[in-house]
Amino acid sequence: MVWHGIIHQYFPYMPLEDKQHIVTLNEGNTPLIRSLYLEKQLGGNLEVYLKHEGMNPTGSFKDRGMTMAISKAKEAGAKAVICASTGNTAAAAAAYASRAGMKSFVIIPEGNVALGKLAASLIYGAKVIQISGNFDDALCFVRDISESHPVSLVNSVNPYRIEGQKSGSFEICDALGKAPEFHALPVGNAGNISAYWKGYKAYHDAGKIEQTPMMLGFQAAGAAPIVHGHPIENPETVATAIKIGNPASWQMAEAARDDSGGMIDMVTDDEILAAYKLLASKDGVFCEPASAAGVAGVLKLEQQGFWKDKSGTLVCVLTGHGLKDPDNAIKQAGQPISVPAELDAVLEAMDL
Ligand code: F0G
């Protein structure tokens, strides 16, 4: 079967009038990879899967929401779009806007966007404006600008982003033949946890699944406004994708947590980086640091004995590809060994 992207696949669940406006890069249909390593770590009563969203066309889950947001903008006759971003939304907006023949403007926090995201946004043709502020400042600007100028806002405050992103839940349920018992993921601007919960509820209402999962969201400890219950003025974390102090979808995320009987907790940068390295070195799955926050969270829960009496299926969403952030990969893994072009030197370096 040819996959035509998430809007075609789930059209009855997507608020678009006419298929002729669809702007797609055939996003979605990402692999659900079994993690035998995590199954062992978490105690053996669970089946654990990694939903590798880094396999989307621009390398993150943002493509699911962006195909909807840009298709709706096209339907409305928009000529330009704008977003604030820690990098992934920027790359997705730039790619889909180019494909739709629209201009894109992205406002990013200078010095806090991983190299692969910056490079992608530029080559897709966005006008990239860096501010000497953080993501929350950038989001305030784009909200203001889009209210008074002819540019459509494509951050997840645009409800069509959430509509597209809920396709992740549909794919998981279609692949498993049921909803998982547990669903773990990182939380930044809090759109994705809201979207996944909306998707599970929609499938439940449609009679496609019998139960819905417990939602387990994890923020970085230095950027954990929902956990602390107040905005964080100067968020700090190595996971720049989720370095956000005042999430736009805060209330929806809390509702997802409470309605699902789940939790939103936090993990330290050390825990995030440890999970990031384990996923690559034990499971062969390379995600970006922020994406590992969900796995760091389930490992933290293991230490608290949470999984002892639990069974069923756990899905951890890996939100973005590791290649987005080569600098952190090299910082964590170390530099290659340099030797002269001589067989002896190579063998010595191999140290068999
Ligand atoms: N993981 C990655 C790789 C992200 O890029 C983001 C958000 C998240 C997790 C958190 O998702 O915001 O829906 O809670 N990135 C946004 C951006 C903020 O601009 O790319 P969320």
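Take residue 261 and decide whether it is on the phi > 0 side of the Ramachandran plot, at pLDDT 95 or above and either open to solvent by 20 Å² or more (accessible area, probe 1.4 Å) or part of a helix (DSSP H, G or I) (or both).
Spelling it out, residue 261 is indeed on the phi > 0 side of the Ramachandran plot, at pLDDT 95 or above and either open to solvent by 20 Å² or more (accessible area, probe 1.4 Å) or part of a helix (DSSP H, G or I) (or both).
Scanning for something open to solvent by 70 Å² or more (accessible area, probe 1.4 Å), assigned to a helix (DSSP H, G or I) and touching a helix residue (DSSP H, G or I) at 6+ places or on another chain (Cβ under 8 Å), does region 97-106 turn up at least one residue?
yes
Looking at 131, 123, 145, which one is farther than 21 Å from residue 73 by Cα and more than 14 Å from the ligand (Cβ to nearest atom)?
That would be 123, the only listed residue that is farther than 21 Å from residue 73 by Cα and more than 14 Å from the ligand (Cβ to nearest atom).
Tell me whether region 212-219 contains one or more residues that are open to solvent by 10 Å² or more (accessible area, probe 1.4 Å), under 18 Å from residue 252 (Cβ atoms), within 15 Å of the ligand (Cβ to nearest atom) and of a type outside the set (Lys, Arg).
no
For residue 87, which of the numbered conditions (1) within 26 Å of residue 323 (Cα to Cα); (2) free of Cβ contacts under 8 Å to residues at least 40 places away in the same chain fails to hold?
Only one criterion is unmet by residue 87, namely (2).
Which numbered condition trips up residue 112, out of (1) within 12 Å of the ligand (Cβ to nearest atom); (2) open to solvent by 10 Å² or more (accessible area, probe 1.4 Å); (3) in contact with a His (Cβ under 8 Å, 6 or more places away or on another chain)?
Unmet condition: (3).
Looking at region 169-208, which of its residues are open to solvent by less than 10 Å² (accessible area, probe 1.4 Å) and either touching a Cys at 6+ places or on another chain (Cβ under 6 Å) or more than 11 Å from the ligand (Cβ to nearest atom) (or both)?
Hits for region 169-208 are 169, 170, 172, 173, 179, 180, 183, 184, 199, 200, 203.
Taking region 223-255 as the search range and keeping residues that are away from the ligand (no atom under 11 Å from the Cβ), open to solvent by less than 40 Å² (accessible area, probe 1.4 Å) and in contact with a Lys or Arg (Cβ under 8 Å, 6 or more places away or on another chain), which one is farthest from residue 315 (Cα to Cα)?
235
Check whether at least one residue in region 331-352 is more than 30 Å from residue 168 (Cα to Cα), within 29 Å of the chain's Cα centre (by Cα) and surrounded by 10 or more Cβ atoms within 10 Å (Cβ to Cβ), and report yes or no.
The answer is yes, given that some residue of region 331-352 is more than 30 Å from residue 168 (Cα to Cα), within 29 Å of the chain's Cα centre (by Cα) and surrounded by 10 or more Cβ atoms within 10 Å (Cβ to Cβ).
Among 310, 300, 277, which is the only one that is of a type in the set (D, E, K, R), part of a helix (DSSP H, G or I), away from the ligand (no atom under 14 Å from the Cβ) and open to solvent by less than 50 Å² (accessible area, probe 1.4 Å)?
300
Out of everything in region 280-294 that is out of contact with any Pro (no Cβ under 9 Å at 6 or more places or on another chain) and touching a residue at least 12 places away in the same chain (Cβ under 8 Å), what residue ends up being farthest from the ligand (Cβ to nearest atom)? Give the steps one after another, and end with the answer.
Taking region 280-294 as the starting set, the residues that turn out to be out of contact with any Pro (no Cβ under 9 Å at 6 or more places or on another chain) are 280-289.
From what's left, touching a residue at least 12 places away in the same chain (Cβ under 8 Å): 280, 282-283, 285-289.
On the way: 280: 15, 282: 20, 283: 18, 285: 14, 286: 13, 287: 8, 288: 5, 289: 8 Å.
Of everything passing the filter in region 280-294, 282 is farthest from the ligand (Cβ to nearest atom).
The values are calculated or read from the model by the stated rules, or taken from the named source; none is laboratory data. What you are looking at is a predicted structure, and each value in this text was computed from that prediction instead of being measured. All Cβ positions, glycine included, derive from the backbone under ideal geometry; neighbour counts span all protein chains shown. Accessible surface is based on the protein model in full, side chains and every heavy atom, while ligands, DNA and RNA are left aside. Shrake-Rupley method; radii C 1.70, N 1.55, O 1.52, S 1.80 Å.
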